[in-house]
Amino acid sequence: MTSLSGRSKVVVKKEMTLAERMYLPAILGGVIITLKHLFKRKATVKYPEKKREFSAVWRGQHVLKRDDKGAERCTACGLCAVACPAEAITMTAGERKKGEENLYREEKYATTYEINMLRCIFCGLCEEACPKEAIFLTDRLVPTEFGRGEFIYGKDKLVEPVDNRVDVTKRQTPAVLEFKKHKNLSHNR
Amino acid sequence: MIKVTIDGINTEVPEGTTILQAARQIGGEIVPPAMCYYSTLKNSGGKCRACLVRVAAGSAKDPRPMPKLVPSCITMAQDGMVVENITNPQVLETRKGVVEFLLLNHPLDCPICDQAGECDLQNFAYEHGMAKTRYEEERRTFDPIDIGDKIKLHMNRCILCYRCTYVADQLTDNRVHGVINRGDHAEISTYIEKAVDNEFSGNMIDVCPVGALTDKTFRFKQRVWFTKPLDAHRDCPKCSGKVVLWTKGNDVLRVTARKDQYGEVKEFICNECRYDHKDMSHWTVEGPRHIDRGSVISQNHYEKVDLVKLKKDVERQLKFQEGKRLEQTNNSAE
């Protein structure tokens, strides 16, 4: 049978010559290769001391954004969960009470919101489905853990802290940024 | 019997049938959408203008076309009438306008609204509307109020179809709610916040085409596409007892009446069935509810395909396509 790639080599078991039997040239060749690699650029970085630069659209750990006033944007509409091909997202909704207007932007909010990071395939469909610009994937990595339970991220890990915002401006499409300029449209106030 | 042609398809209907009913007899894509018309409620229809069609020939005796588009839900079909629905670009263009008008004051709060996923206005806007709005002014706003202890009224979302007032008129005695004020100020309200506590008042939730009247016992419980609908019944002395249970696991989250393919309830249910029996053991489950494949609720629901029905459906589609082609060739000949 002829090989498909045409690159396979037929192994021939023939008697080695004297030079080959001494092994020295082969060993020397190996040492040269090793030395060459010593001066080459390294393929790895020393994580976590040094971190590799991420692409602006890298899809890493999710963040649930707050709006300018610090109120949670998520309204538990369930579109991310229905878009999720891995079924990693679950949530329960609750009704906002009087006096909580600065905590939640809309009259409905997510009382619990969980993403199972072991199920998540970081496809970014939740981000695309979100009508409220609440969920974004960021350039952060999901850290390793010892137990499976720790990979189920609740609101404590997902919602961005008020004093430590996560920048996602690079991820927003030009169309969205253009839309945000038009504050005269009533559904954009 | 009279002969009517709708989008190139001939059908025979009894005299006194509306164009909409004749179209529904044919079925499929040529059925005009209806936001306010409700076959089980008398006098409904003629308000939302969603079902406007063009009558190319009035009747066999007088084959002149009607000068304006007519609402098909309240216009009677006549012998030899030729109706154009989706084969006429003018009709489709007008429907875009109707969507825009209905959405003038309708808030875009579908992510919050419990009706999302089974909302007539959502479907209508998706199929016939434009993705953008040109409206920049303030929308009229009302605070959501409780009418009765089981129904929440979001007047913001109301499109004034009057279906719920017909329910109040025709299904319940001692009508306690209706439409007050006029024009842009018109709103559904109860008589000085009087509670709606009639035994069949819950049906106004089912007839509401939008999320203006919603079930308070189901409020924000679960998105409708994450629930599993089951056909079920129980012996009820007041109503037929035939309902749909919207379940999640073993919990019954919501009970509604059964809606047909046009979203209309044929057998209204009483409030006891709707609110007081949210337990699986109270019901005899018949099986999973059939949900249209185009609906978001049918996500992850699998069902056996009825091949005979599928064949009929395909044949009907082919017939419809033929009618469409006929119409186009006629136009090009002119």
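Using the rule -39500 (n - 2.57) for each DSSP H run of four or more residues, divided by the residues of the protein assembly as shown, the 222 nm mean residue ellipticity is -6500 deg cm²/dmol. For chain A, a Gaussian network of Cα nodes joined below 10 Å ranks A:Lys157, A:Lys98, A:Lys69 by mean-square fluctuation, and the top entry is A:Lys98.
Ordering B:Lys309, A:Lys108 by the number of other Cβ atoms within 10 Å of each residue's own Cβ, fewest first, gives B:Lys309, A:Lys108.
Computed from the C-beta positions of B:Val305 and B:Val285 and an R0 of 35 Å, the FRET efficiency is 0.95 to the nearest 0.05.
For B:Lys3 and B:Glu199, what is the calculated FRET efficiency with R₀ set at 41 Å and r taken between the beta-carbons, to the nearest 0.05? So the FRET efficiency works out to roughly 0.40. Which lysines, if any, have their Cα less than 21 Å from the Cα of A:Lys40, not counting same-chain residues under 8 positions apart? Straight-distance partners of A:Lys40: A:Lys50, A:Lys51. Mean-square fluctuations from a GNM of chain B, with a 10 angstrom spring cutoff on Cα atoms, peak among B:Pro288, B:Pro107, B:Pro237 at B:Pro237.
Legend: residue pairs B:Lys259/B:Lys311; B:Lys221/B:Lys266; B:Lys150/B:Lys312, Cα-Cα distance threshold 32 Å; pairs beyond threshold, B:Lys150/B:Lys312.
With a cut-off of 15 Å between beta carbons, the residues surrounding A:Pro48 carry a summed charge of +1, where Lys and Arg count +1 and Asp and Glu -1.
Counting Cβ atoms of other protein chains within 10 Å of each Cβ in A:130-141 and taking the mean gives 1. Legend: translational diffusion of region B:1-145 by Stokes-Einstein, Rh = Kirkwood radius over C-alpha pairs, 4 °C, 1.567 mPa s; D = 79 µm²/s. Comparing B:Ile291, B:Ile159, B:Ile188 in a Gaussian network model of chain B where C-alpha atoms under 10 Å apart are linked, the largest mean-square fluctuation is found at B:Ile291.
Modelled spin labels at B:Glu315 and A:Ala26, positioned 7 Å past Cα toward Cβ, are 7.9 nm from each other.
Exposure proxy ranking for B:Ile145, B:Ile6, based on other Cβ atoms within 10 angstrom of each Cβ and starting from the fewest, stands as B:Ile145, B:Ile6. Couplings for region B:94-107, taken from phi via the Karplus curve 6.51 cos²θ - 1.76 cosθ + 1.60 with θ = phi - 60°, read 5, 5, 4, x, 5, 4, 4, 5, 5, 8, 3, 9, 7, x Hz in order; Gly and Pro are left as x. Go through B:Ala131, A:Ala81, B:Val305 and say which Cα lies farthest out towards the positive end of the charge dipole of the protein assembly as shown; charges sit on Cβ, +1 for Lys and Arg, -1 for Asp and Glu. After comparing all options, I get A:Ala81. Among B:Met155, B:Met280, B:Met35, A:Met22, a tally of other beta-carbon atoms within 10 Å of each Cβ gives an order, fewest to most, of A:Met22, B:Met280, B:Met155, B:Met35.
Calculate the FRET efficiency for B:Asn250 and B:Asp62 from the Cβ-Cβ distance with a Förster distance of 45 Å, rounded to the nearest 0.05. In this case the efficiency is close to 0.10.
Bear in mind that the values in this text are calculations on the coordinates, not laboratory data. Just so it is clear, the model here is predicted, and its values are computed rather than measured. Reconstructed Cβ throughout: ideal geometry from the backbone, glycine too, with neighbour counts over all protein chains shown.
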